[in-house]
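Participant: One structure coming up, written as structure tokens, with questions to follow.
Each value in this text was obtained by applying a stated rule to the coordinates, not by laboratory testing. Since we're looking at a predicted model, the values are computed, not measured. We place every Cβ from the backbone using ideal geometry, glycine too, and count neighbours over all the protein chains shown.
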Amino acid sequence: MKRAWIGLTAVVASAGLLAACATTDTASKTPAQYVEDRQKLMKAHGENWKGVQDGAKAGNWQQVATNADAMANNAKQMPGLFPPGSMTEKSKAKPEIWQRKAEFDAAAKKMETESVRLAGTARGGNAQATGDIIKDFGRNTCGNCHTPFRVPPPRS
Ligand code: HEC
């Protein structure tokens, strides 16, 4: 009985080792899972951006700040959701992401810093400064990344 137990442990241990090898680098999730995760994140991100715009219209600076915080958090996750090879035909990611990864990561960083700036002015109740940031926000953040790195959605 004892021998069998040891044998089993060895099998489990080597299975663990194999799993460990497979999870190093980028292969812990399948490309399809990465695509699903980042599209889900982007959808939530779009909701947060809408929350900012609606909040600003209503003069609800707390709502603007909360959604800007969420966008800053989303932005931090963006680079990690695009590991090399994480492509499927459902994805609108352009190959340029992996050819110019530093630029892509910089666009995510800009998304983060602009969101933090926006949260700051909103939290301070500074309507003028907040409005000024929002005016160019879509172009400076979403567009700054979508234009070079995302296949445009079909016009409707
Ligand atoms: C750092 C780059 C980057 C930034 C910044 C960025 N996006 Fe994206 N976004 C992408 C990429 C790349 C895709 C395509 C992902 C895919 O299909 O694999 C995408 C897809 C989307 C989608 C489609 C999701 C789906 O269901 O397929 C929406 C909506 C979206 N982005 C909204 C936004 C909004 C709103 C902003 C700004 C507030 C923004 N994104 C900022 C890179 C970015």
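Participant: Can you tell me which residues in segment 35-55 are in contact with a Cys (Cβ under 9 Å, 6 or more places away or on another chain) and surrounded by fewer than 17 Cβ atoms within 10 Å (Cβ to Cβ)?
Facilitator: Scanning segment 35-55 gives a single hit, 46.
Participant: Just to be sure, is residue 93 closer than 30 Å to residue 63 by Cβ, surrounded by 13 or more Cβ atoms within 10 Å (Cβ to Cβ) and of a type in the set (Gly, Ala, Ser)?
Facilitator: When the stated conditions are applied, residue 93 does not pass them.
Conditions tested, residue by residue: (1) crowded, with 17+ Cβ neighbours inside 10 Å; (2) within 8 Å of the ligand (Cβ to nearest atom); (3) of a type outside the set (Gly, Ala, Ser); (4) over 30 Å from residue 62 (Cα atoms).
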{"site": "76", "(1), (2), (3), (4)": "no, no, yes, no"}
{"site": "82", "(1), (2), (3), (4)": "yes, yes, yes, yes"}
{"site": "89", "(1), (2), (3), (4)": "no, no, yes, yes"}
{"site": "106", "(1), (2), (3), (4)": "no, no, no, no"}
{"site": "109", "(1), (2), (3), (4)": "no, no, yes, no"}
{"site": "118", "(1), (2), (3), (4)": "yes, no, yes, no"}
